[in-house]
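The values are calculated or read from the model by the stated rules, or taken from the named source; none is laboratory data. Computed from a predicted model, the values in this text were never measured in an experiment. Every residue, glycine among them, receives a Cβ derived from its backbone with ideal geometry; neighbour counts consider all protein chains shown.
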Amino acid sequence: MSRLQILIAGGGLGGLAMAVMLERLPEHKKVDYLILERSTFLNPIGSAISLHASVIPLLKQLGIWSEIEKASKPMSHFSIKREDGSDLGTVDFAYGQLDYSFYGMVLARPDLHEILLSHVPPEKILTGKRIVSTTQDDFGVSCHCADSTIYHGDILIGADGAYSAVRQSLYKDLRAHGNLPRQDFSPIKLDQVVVVGITSPLNPLEYPMLKEDVCQFRIVLGGRDRAYTMWMVPLTDNRVAWSIGGRSDALNGSSFWSESQEEATTSFGLKAHQNSRFPDWGEAESESIEEICDYMRTKPNPFGYGTYGDLIDRTPKHLISRVMFEEKGFRTWYGGRTVLIGDACHKSVPFGGQGKPLSRMVILNTARRSGLGERYN
Ligand SMILES: Cc1cc2nc3c(=O)[nH]c(=O)nc-3n(C[C@H](O)[C@H](O)[C@H](O)COP(=O)(O)OP(=O)(O)OC[C@H]3O[C@@H](n4cnc5c(N)ncnc54)[C@H](O)[C@@H]3O)c2cc1C
């Protein structure tokens, strides 16, 4: 009997985590699978990413925990200050230890991406395959790519992110048959715009936070003229992940933040997102990244040495990217032979969001949404 053929749309963290799970199936249950990734190469970019404590048993079961643990720091606290350095408070993450026997962990997203990628055989990943639509019937499912190629399988896993083409095809079909709930019609909310980066190794004498074994997130809530949040997250190898964020209303105009704190609660005048222009991480116009960095660079860093400019200048340019953070939980996550995982069905504000829980990370989402959580937890 021929093996089950699985297509995975997207080689982000969700798609790769899924592939590692499939790699671990026992011999008699092995399936064939293929990842179709839009990018022409898998780009390990991003900033810090946190893994909720509840996902650690899954990582252990997949046999990748020791690598991840080596690259991570346990997440202990958020420490929040105003721009002038005065304290606003702390948030304790010890509950992870109490509830799950583990702290959540924090690591560089590029490191997590590399670890997952190293467990997936290269021949299982096809790059330059942008899926434009999908079709399915009783006999199988097909992915139609922008380069006119078509791939067939028995099951399709849509791990193609917030603007998932798989979801759009599936929903079109379900809607045509009156099977899509109303809440899934509404657009994705875009209210966070963030520039993120990871520095080269820094001197712990200048940034004492690097000497700590645990990872305390340092957050500054600031901006008299333009409201912003600045996050600094100490990583392994003396690196610091940082992010500068503000609210977005996907408005037009060239100014990047609204003119006052009050206004910032309703508008954040960054250039129009209008979905396809900045659909993803790292695809922003470099001028807008520079505009935001220039605005922030002279501000003193209340948690360390010098100014924010010192952090920005110690960050390799290719490790700085601008991100739109979307937020929406879709109710429908499967239909026929198609299942959606990760951001394709449950997009929430990750690292850098203003005060949103950090726990909604991909592998957990992936495991839970796809029903694997119960099996792997
Ligand atoms: C480059 C990048 C950097 C990120 N950095 C951070 C970070 O620093 N901190 C943090 O907390 N979160 C970060 N995120 C978000 C975080 O990784 C995701 O929220 C989370 O991992 C969910 O993963 P996912 O696999 O569901 O979606 P994603 O990580 O968005 O991956 C989706 C994948 O699908 C591919 N894809 C999209 N459309 C198509 C298509 N039509 N056909 C084929 N392939 C397609 C994309 O190229 C991408 O590789 C980043 C995401 C990306 C893509």
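Kindly check whether there is at least one residue in the range 28-38 that is of a type in the set (Ser, Thr, Tyr) and modelled with pLDDT of 90 or more.
yes
Name the pairs: first residue in the range 173-192 and surrounded by fewer than 17 Cβ atoms within 10 Å (Cβ to Cβ), second residue assigned to a helix (DSSP H, G or I) and of a type in the set (Phe, Trp, Tyr), Cβ to Cβ under 9 Å, at least 6 apart or on different chains?
Correct list of pairs: PHE185/TYR171.
Out of the residues in the range 147-162 that are in contact (Cβ under 8 Å) with a residue 60 or more places away in the chain and out of contact with any helix residue (DSSP H, G or I) (no Cβ under 9 Å at 6 or more places or on another chain), which is farthest from the ligand (Cβ to nearest atom)?
ASP154
What are the residues in the range 104-126 that are surrounded by 14 or more Cβ atoms within 10 Å (Cβ to Cβ) and farther than 28 Å from ARG239 by Cα, if any?
LYS124, ILE125, LEU126
Kindly provide the set of residues from the range 128-146 that are part of a loop (DSSP other than H, G, I, E, B), within 24 Å of the chain's Cα centre (by Cα) and within 9 Å of the ligand (Cβ to nearest atom), ordered by number.
Passing the criteria: LYS129, ARG130.
If you scan the range 292-316, which residues turn out to be surrounded by fewer than 20 Cβ atoms within 10 Å (Cβ to Cβ), out of contact with any Ser or Thr (no Cβ under 9 Å at 6 or more places or on another chain) and either of a type in the set (Ser, Thr, Tyr) or in a loop (DSSP other than H, G, I, E, B) (or both)?
Matches in the range 292-316: TYR295, TYR305, GLY306.
Could you figure out which of (1) in a strand (DSSP E or B); (2) modelled with pLDDT of 95 or more; (3) not charged (D, E, K, R) isn't true of SER169?
SER169 satisfies every listed condition except (1).
Regarding the range 175-187, can at least one residue be identified that is under 30 Å from GLU290 (Cα atoms) and more than 14 Å from the ligand (Cβ to nearest atom)?
Yes, that holds for at least one residue.
Run ASN238 past the list (1) polar (S, T, N, Q); (2) over 20 Å from the mean Cα position of the chain (by Cα); (3) at pLDDT below 85 and report the number of the one that doesn't hold.
Checking ASN238 against (1) polar (S, T, N, Q); (2) over 20 Å from the mean Cα position of the chain (by Cα); (3) at pLDDT below 85, the one that fails is (3).
Restricting to the range 1-27, give me the number of residues that are among the charged types (D, E, K, R) and either at pLDDT 95 or above or crowded, with 23+ Cβ neighbours inside 10 Å (or both).
Number satisfying all stated conditions: 2.
Sort through SER101, SER72, SER86 and tell me the only one that's hydroxyl-bearing (Ser, Thr, Tyr) and surrounded by 22 or more Cβ atoms within 10 Å (Cβ to Cβ).
Of the residues listed, the single one that is hydroxyl-bearing (Ser, Thr, Tyr) and surrounded by 22 or more Cβ atoms within 10 Å (Cβ to Cβ) is SER72.
It is to be established whether one or more residues within the range 143-164 are surrounded by fewer than 22 Cβ atoms within 10 Å (Cβ to Cβ) and closer than 17 Å to PRO302 by Cα.
No; the residues of the range 143-164 include none that is surrounded by fewer than 22 Cβ atoms within 10 Å (Cβ to Cβ) and closer than 17 Å to PRO302 by Cα.
Tell me the residue from SER50, SER39 that is near the ligand (Cβ under 9 Å from one of its atoms), surrounded by fewer than 18 Cβ atoms within 10 Å (Cβ to Cβ) and on the phi < 0 side of the Ramachandran plot, please.
Every option except SER39 fails the conditions.
Inside the range 82-126, can you point out the residues that are in a helix (DSSP H, G or I), within 16 Å of the ligand (Cβ to nearest atom) and in contact with a Phe, Trp or Tyr (Cβ under 7 Å, 6 or more places away or on another chain)?
Answer for the range 82-126, where residues must be in a helix (DSSP H, G or I), within 16 Å of the ligand (Cβ to nearest atom) and in contact with a Phe, Trp or Tyr (Cβ under 7 Å, 6 or more places away or on another chain): just LYS124.
Looking at the range 27-50, is at least one residue in contact (Cβ under 8 Å) with a residue 12 or more places away in the chain, in contact with a helix residue (DSSP H, G or I) (Cβ under 9 Å, 6 or more places away or on another chain), under 18 Å from VAL214 (Cβ atoms) and not in a helix (DSSP H, G or I)?
The answer is yes, given that some residue of the range 27-50 is in contact (Cβ under 8 Å) with a residue 12 or more places away in the chain, in contact with a helix residue (DSSP H, G or I) (Cβ under 9 Å, 6 or more places away or on another chain), under 18 Å from VAL214 (Cβ atoms) and not in a helix (DSSP H, G or I).
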